[in-house]
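First the structure, in the form of structure tokens, and then the observations on it.
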């Protein structure tokens with residue numbers, strides 16, 4: 001178990017730690033997390049069935065392990081897990097810092113992302129907004145993406161980061177999003193690689209744009225998952241190795257004590 005002395009209580013922008021998940025208990029903490037359970041593609045023609053079984057998601061040596069297995073289950077050829085804080089925890093603005101080691105291989109698709117708690121505010125996806133802190137397509141194991149989804153019709157914008165050497169499966173890296181009322185910033189190991197201060201949305205295509213900074217001005221909850229296959233990453237082939245594991249060392253969320261984001265950007 002980590003002591004408070006081992007936990008970074010202040011981010012390098014001066015924001016203070018407001019919540020952390022160190023995965024130091026014997027089991028996944030269901031006061032913080034819930035499982036999404038189902039198959040049927042999840043809107044992206046994915047192949048896995050997400051379960052709540054310990055073979056797919058568990059704590060080991062102070063880390064969360066999400067494991068994708070090649071096995072028939074409820075009509076799907078693979079199993080995996082998706083953990084969400086929906087209905088338990090959400091946040092509006094802050095620094096979201098996740099240290100993890102990522103899986104690899106054709107058709108493998110890990111993600112750390114956020115969705116809004118209340119879909120009544122700006123409508124359903126995509127007008128509600130989606131914040132992708134980190135995604136990786138396993139056939140490019142040295143590249144990660146950070147993206148915003150919004151609008152009606154669907155509109156997205158984002159950036160990517162490529163390691164100079166090796167892959168994200170070789171070691172742990174820290175993936176960070178700074179979300180403020182007027183700007184989003186993505187980092188890898190403290191190095192900024194993309195930022196945006198322009199976005200918009202509208203609930204229906206024929207309506208006027210919602211006032212800026214909608215849709216990213218309301219509470220969002222956190223999701224962690226390891227998908228297999230899908231429209232974007234493609235599908236496993238004969239060279240894809242199973243099982244694949246997503247290892248998460250910690251998640252830490254920071255916000256300014258005085259609520260003044262402008263003073264600490």
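Quick check, is residue 26 in a strand (DSSP E or B), touching a residue at least 12 places away in the same chain (Cβ under 8 Å) and either on the phi > 0 side of the Ramachandran plot or surrounded by fewer than 18 Cβ atoms within 10 Å (Cβ to Cβ) (or both)?
It is false that residue 26 is in a strand (DSSP E or B), touching a residue at least 12 places away in the same chain (Cβ under 8 Å) and either on the phi > 0 side of the Ramachandran plot or surrounded by fewer than 18 Cβ atoms within 10 Å (Cβ to Cβ) (or both).
Do we have residue 148 as closer than 30 Å to residue 11 by Cα, touching a strand residue (DSSP E or B) at 6+ places or on another chain (Cβ under 9 Å) and either modelled with pLDDT of 95 or more or surrounded by fewer than 21 Cβ atoms within 10 Å (Cβ to Cβ) (or both) here?
Answer is yes for this residue.
Taking the criterion of being in contact (Cβ under 8 Å) with a residue 12 or more places away in the chain and assigned to a strand (DSSP E or B), would at least one residue in region 200-215 satisfy it?
no
Which of the residues belonging to region 99-128 are assigned to a loop (DSSP other than H, G, I, E, B), under 19 Å from residue 232 (Cα atoms) and touching a strand residue (DSSP E or B) at 6+ places or on another chain (Cβ under 9 Å)?
Result: 102, 103, 104, 105, 107, 125, 126.
Looking at (1) under 30 Å from residue 51 (Cα atoms); (2) out of contact with any helix residue (DSSP H, G or I) (no Cβ under 8 Å at 6 or more places or on another chain), which is the only condition residue 199 fails?
Looking at each condition in turn, residue 199 falls short on (1).
Only residues that are touching a residue at least 24 places away in the same chain (Cβ under 8 Å) and out of contact with any strand residue (DSSP E or B) (no Cβ under 8 Å at 6 or more places or on another chain): list them for region 236-261, please.
Within region 236-261, 237, 239, 241, 261 meet the criteria.
Would you call residue 208 farther than 22 Å from residue 89 by Cβ, surrounded by fewer than 12 Cβ atoms within 10 Å (Cβ to Cβ) and modelled with pLDDT of 95 or more?
no
Evaluate the following for residue 139: is it modelled with pLDDT of 95 or more and surrounded by fewer than 22 Cβ atoms within 10 Å (Cβ to Cβ)?
yes
Among the residues of region 172-213, count how many are over 20 Å from the mean Cα position of the chain (by Cα) and under 29 Å from residue 45 (Cα atoms).
7
Going through region 183-197 one residue at a time, which ones are in contact (Cβ under 8 Å) with a residue 40 or more places away in the chain and on the phi < 0 side of the Ramachandran plot?
Those that are in contact (Cβ under 8 Å) with a residue 40 or more places away in the chain and on the phi < 0 side of the Ramachandran plot: 183, 184, 186, 188, 193, 194, 196.
I want to confirm something. Restricting to region 29-45 and keeping residues that are part of a loop (DSSP other than H, G, I, E, B) and out of contact with any strand residue (DSSP E or B) (no Cβ under 9 Å at 6 or more places or on another chain), which single residue is nearest to residue 234 (Cα to Cα)?
Here the answer is 45.
Can you pull out the residues in region 129-155 that are farther than 15 Å from residue 196 by Cα, part of a strand (DSSP E or B) and in contact (Cβ under 8 Å) with a residue 24 or more places away in the chain?
Residues satisfying the conditions are 134, 135, 144.
Which of the residues that make up region 156-169 are more than 18 Å from the chain's Cα centre (by Cα) and touching a residue at least 60 places away in the same chain (Cβ under 8 Å)?
Selection gives 167 alone.
Only one residue in 158, 230 is assigned to a strand (DSSP E or B) and surrounded by fewer than 21 Cβ atoms within 10 Å (Cβ to Cβ), so which one is that?
158
The values are calculated or read from the model by the stated rules, or taken from the named source; none is laboratory data. For clarity, every value in this text was computed on a predicted model and none was experimentally measured. Here Cβ is always computed from backbone atoms with ideal geometry, including for glycine, and neighbour counts include all displayed protein chains.
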